[in-house]
Amino acid sequence: SQKIEQNSEALNIQEGKTATLTCNYTNYSPAYLQWYRQDPGRGPVFLLLIRENEKEKRKERLKVTFDTTLKQSLFHITASQPADSATYLCALVDNDYKLSFGAGTTVTVRA
Amino acid sequence: DGGITQSPKYLFRKEGQNVTLSCEQNLNHDAMYWYRQDPGQGLRLIYYSQIVNDFQKGDIAEGYSVSREKKESFPLTVTSAQKNPTAFYLCASSIDSDNSPLHFGNGTRLTVT
C-alpha cells in the first residue's frame, strides 16, 4: 500500500505570508489526490482534488500542485490568516481504490 | 441541512464491554466509511460500505463489526476483542466509491478504561 508522508514539523507563520505544505508518496502515482482541513475535535473537511493530468489547481487563496515525477503534491495557502490555523491532510487512492490519508501538518498563523 | 451525524460526541466504557457508535447521513450517499484517528497517525480505514447490505473490511477491521441495513445508517460496534479501542472515530460518506470527496461527521471520542 501507499506510504504517505507530510511535513512532520508543525508550521508556524506570520499572517500575510504563504504557507507551503508537502505531501510525498512512495509507490505508484494515483489518479488523483485530495486535500482536507481538520480543526481540533472535528472531522476533516474537503478542500481540493487534483488529478494526475493537472499540474495545478486553485481555489481562492489555496493552490495545489501535483508532480508525478517527484511523487509529490504541494499545498499553498497565500495571504495566510489566523483563521487558516488547522491541520491539513492529504489523501490519495490506494491500489485497491480506497482512500489513504497522511498524518497531516498543523499550521498556526500568528496575527 | 444535509450532513453526517455521529453520536455521542464522547463515550466512556469499561474494558470488556462492547460499544456501538452511531453514524447517520441524509446526503443520499451510497458509500459510507469508518476511520480511526490516533495522535500522530493518519486516518486508518476500519470498514467501508459501497451499497446497502454490503460492506468490506478496511486495513484494521479486527475487533470491530458493522452493519448497513439502511442507506442512511452505518453503525460501528467496537468489541471487547479490540486491543486498543481508545481513539477518535470518524464516519464519512461519499456519493460513490470512486474519486468523490468524503464528507465527514464530527467524530466520537471513545475512552475505554
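Residue A:49 passes all but one of (1) more than 26 Å from residue B:110 (Cβ to Cβ); (2) in contact (Cβ under 8 Å) with a residue 60 or more places away in the chain; (3) within 14 Å of chain B (Cβ to nearest Cβ); which number fails?
Answer for residue A:49: the failing condition is (2).
Matching residues to (1) of a type in the set (Ser, Thr, Tyr); (2) surrounded by fewer than 21 Cβ atoms within 10 Å (Cβ to Cβ); (3) at the interface with chain A (Cβ under 9 Å from one of its Cβ atoms):
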{"site": "B:65", "(1), (2), (3)": "yes, yes, no"}
{"site": "B:84", "(1), (2), (3)": "no, yes, no"}
{"site": "B:89", "(1), (2), (3)": "yes, no, no"}
{"site": "B:92", "(1), (2), (3)": "no, no, yes"}
{"site": "B:95", "(1), (2), (3)": "no, yes, no"}
{"site": "B:101", "(1), (2), (3)": "no, yes, yes"}
{"site": "B:106", "(1), (2), (3)": "no, yes, yes"}
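If you go through the range A:56-105 one residue at a time, how many are polar (S, T, N, Q), surrounded by fewer than 16 Cβ atoms within 10 Å (Cβ to Cβ) and within 14 Å of chain B (Cβ to nearest Cβ)?
Adding up the residues that qualify gives 1.
Take the conditions open to solvent by less than 30 Å² (accessible area, probe 1.4 Å), aliphatic (A, V, I, L, M) and farther than 30 Å from residue B:7 by Cα and apply them to residue A:109. Does it pass?
Yes; evaluated as a whole, the condition is true for this residue.
For the range B:67-84, indicate whether the set of residues that are acidic (Asp, Glu) and free of Cβ contacts under 8 Å to residues at least 12 places away in the same chain is non-empty.
No.
Give me the residue from the range B:15-52 that is within 11 Å of another protein chain (Cβ to nearest Cβ) and surrounded by fewer than 13 Cβ atoms within 10 Å (Cβ to Cβ) and, out of that set, farthest from residue B:76 (Cα to Cα).
It comes out as B:40.
Taking the criterion of being more than 12 Å from every other protein chain (Cβ to nearest Cβ), in contact with a Pro (Cβ under 8 Å, 6 or more places away or on another chain) and modelled with pLDDT of 95 or more, would at least one residue in the range A:10-23 satisfy it?
Looking through the range A:10-23, at least one residue is more than 12 Å from every other protein chain (Cβ to nearest Cβ), in contact with a Pro (Cβ under 8 Å, 6 or more places away or on another chain) and modelled with pLDDT of 95 or more.
Please verify whether residue A:16 is surrounded by 15 or more Cβ atoms within 10 Å (Cβ to Cβ) and part of a loop (DSSP other than H, G, I, E, B), treating the condition exactly as stated.
Considered against the rule, which asks whether it is surrounded by 15 or more Cβ atoms within 10 Å (Cβ to Cβ) and part of a loop (DSSP other than H, G, I, E, B), residue A:16 comes out as no.
The values are calculated or read from the model by the stated rules, or taken from the named source; none is laboratory data. Since we're looking at a predicted model, the values are computed, not measured. When we count neighbours, we look across all protein chains shown, and the Cβ atoms used for this are built from the backbone with ideal geometry, even at glycine. Quick note on the areas: whole protein, heavy atoms, side chains included, nothing else; ligands and nucleic acids left out. Shrake-Rupley method; radii C 1.70, N 1.55, O 1.52, S 1.80 Å.
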